[in-house]
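Accompanying notes for the structure given below.
The values are calculated or read from the model by the stated rules, or taken from the named source; none is laboratory data. Because the structure is predicted, anything quoted here is derived from the model rather than measured. No Cβ is skipped: glycine too gets one built from the backbone with ideal geometry, and neighbour counts run over all protein chains shown.
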């Protein structure tokens, strides 16, 4: 069942209870000031609870209401709005990849990568079967928070898990990824772009994008965890999967 259409994609009303149970399995308690306990386990250091306060922004000043206005609705940019299509048509795959990645290296609010056509087909089939997953964002040796990831066609949203738990239709996308397939057939390249809010640093955004593709595309053993999370959530062990440095 689809939820409210936001930011150009449909935000599914997923099985939040199952998500929380799956994420919480195997976690250990840790006292952290300013965070609410969920199921007897404290957040930002243990996986089952989640901070009621959002993580601090990394760029200031930061007006969240202004960001909400700008992103609602966030219509996904077409590739022609980002690059000169006529130039790309005359370029080799290698040159396209170099220009694409070089452009995003200079951006403060987005990052990128590329996939082959075969990798894209693999991603598409797996995300259709298993659209949901979770990703921790590690802030220190003992602190982290969790983002819920949801794929829908060639789009991916990652949002603060507790925001999703409270109100799925108003959960802000911390990371918003689009896969552009315009040159998949002709050039064997799919251009992937991820935009992010100031809650994330660029390094965190790059890591999240890479981790998402690792779990779905680049490491078949890792995809087994995604499959378990979606199809057999009682067997999913968050701590065993991510092996976070939590005492």
Can you tell me how many residues in the range 151-177 are within 14 Å of residue 213 (Cα to Cα) and surrounded by fewer than 22 Cβ atoms within 10 Å (Cβ to Cβ)?
-> 2
Please specify each residue of the range 97-121 satisfying the condition of being closer than 30 Å to residue 199 by Cα and part of a helix (DSSP H, G or I).
-> 97, 98, 99, 100, 101, 102, 103, 104, 105, 119, 120
Kindly indicate whether residue 239 is farther than 15 Å from residue 109 by Cβ, out of contact with any helix residue (DSSP H, G or I) (no Cβ under 7 Å at 6 or more places or on another chain), outside any helix (DSSP H, G or I) and modelled with pLDDT under 95.
-> no
May I ask you to list the residues in the range 85-115 that are touching a strand residue (DSSP E or B) at 6+ places or on another chain (Cβ under 7 Å) and under 17 Å from residue 189 (Cα atoms)?
-> 97, 100, 101, 104, 111, 112, 113, 114, 115
